[in-house]
1. Spelling out what I want: for every residue of the stretch 15-25, take phi, set θ = phi - 60°, compute 6.51 cos²θ - 1.76 cosθ + 1.60 (Karplus), and round to whole Hz; glycine and proline get x.
2. How big is the charge dipole of the chain about its Cα centre, in debye rounded to the nearest 20, if each Lys and Arg gets +1 on its Cβ and each Asp and Glu gets -1 on its Cβ?
3. For the stretch 152-266, compute the number of Lys pairs whose alpha carbons are separated by less than 21 Å, excluding pairs fewer than 8 positions apart on the same chain.
4. I want to verify a result. In a Gaussian network model of the chain, Cα cutoff 10 Å, which of these has the top mean-square fluctuation: Ala37, Ala240, Ala291?
5. Find the lysine pairs in the stretch 13-125 meeting two conditions, Cα atoms under 22 Å apart and a separation of 8 or more places or different chains, and report how many there are.
6. How much mean residue ellipticity at 222 nm does the chain get from its helices, if each DSSP H run of length 4 or more adds -39500 (n - 2.57) and you divide by all residues, to the nearest 500 deg cm²/dmol?
7. Order of 127-138, 279-290, 206-217 by packing, highest average Cβ count within 10 Å first?
8. When the chain is treated as a GNM, springs tying every alpha-carbon pair under 10 Å, which of Gly118, Gly149, Gly46 comes out with the largest mean-square fluctuation?
Amino acid sequence: MSAFFLLLLLMKRIGVMTSGGDSPGMNACIRAVVRAAAYNGLEVVGIKRGFQGMIENEMNLLNVKDVANIIQYGGTILKSARSKDFMSYDGRKKAFDNLKNHGVEGLVCIGGNGTYTGAGIFYKEFGIPSVGAPGTIDNDLYGTDYTIGFDTAVNTALDAIDKIRDTADSHNRVFFIEVMGRDSGFIALNSGLAGGAEGILLPEIMNDFDDLIKHFENKSKRKKEFSIIVVAEGETEGHAFAIADKFNSQFPDNDVRVSVLGHIQRGGKPTANDRILASTLGNAAVEQLLAGNTNVCVGVVNHKVNITSYDDAIHNRKSIDPMLWNLSKILSH
Ligand code: F6P
């Protein structure tokens, strides 16, 4: 009998959870995990509030009906948390005992780097295999071109940028718009490029504020009237308010405003791209568990499913696309 069929016989019940910051498309991924598991004859236990719910024994069987009518919703029906208790051995032992009582033999962990780290340690100590699926708006995970929720977050930011552009134009103002992304600039680069921003400030780019100042010195000769500058929250020069103050002290004649978009970027209906990505990766994660893989995460690279070890995903930093960065410089010249 092949190893694949042996594992099919051995594994009867898996768990699924969402952990870390939520992202639009997590529900579509949960749905895909439950439906793909059912297709392969597996039962699924839904674990609430990530590792914290595992410790506090908040878990129940999820059947195909339980995931009906959720593909279109943001947030996560399983809720999410960043668990401090799971950082201790005692917490992880409690989590293991609870999983054992529920007959859970493998896990699909939807989240980011912190989730992969926790799941990796858990396997080392207690032997529960797991596969990660990249759920974060930040797109900051190595081994996948896109994370679940990124496309929706970019479109939400873009919608806000378009609206701010209207009022910036009416009043001839310079707007600094801060977007999320933790210490990565993916949301800023994509929303800034799509929103026709005149400047984009990213943590990955050195001296970008100085370049912006030079750009405006030239611009005042050209007398353009309003401007949109998109700032990544992790920008090394500081947050949008501090950057706007600095800018204003150099260009006191400009009417400057700041808008911090914040958690609006974490919610809302997932885009078609995010639903398709979440569905693809939920199914791929189940397939990986069934194939006997553990400590790996699923992603897509060049439109194909890609498998990366937790170690590689955790220890490598994904770079921004230099082609998009150059394009943004050319078009905002
Ligand atoms: O990782 C997702 C994210 O929204 C980041 O972009 C942001 O820095 C952080 O989470 C905010 O975390 P919290 O919701 O805990 O304030």
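1. x, 10, 8, 10, 9, x, x, 6, 8, x, x
2. Values: 34 positive and 38 negative charges, 156 e Å.
Once rounded to the nearest 20, the dipole reads 760 debye.
3. Details: Lys163/Lys224; Lys214/Lys223; Lys214/Lys224; Lys214/Lys246; Lys219/Lys246; Lys221/Lys246; Lys223/Lys246; Lys224/Lys246.
Within the stretch 152-266, the lysine pair count is 8.
4. Ala291
5. Lysine pairs, 8 or more places apart or on different chains, close enough: 17.
6. On the way: 12 runs with 147 residues, N = 333.
Helices in the chain give a 222 nm mean residue ellipticity of -14000 deg cm²/dmol.
7. Working: 127-138: 27.0, 279-290: 24.2, 206-217: 15.2.
Going by the mean number of other Cβ atoms within 10 Å, highest first, we get 127-138, 279-290, 206-217.
8. Gly118
The values are calculated or read from the model by the stated rules, or taken from the named source; none is laboratory data. These numbers were taken from a predicted model, which means no experiment stands behind them. Cβ sites come from the backbone with ideal geometry, for glycine too, and all protein chains shown count toward neighbours. Each accessible area value is taken on the protein alone, full model and side chains, heavy atoms only, with ligands, DNA and RNA left out. Shrake-Rupley method; radii C 1.70, N 1.55, O 1.52, S 1.80 Å.
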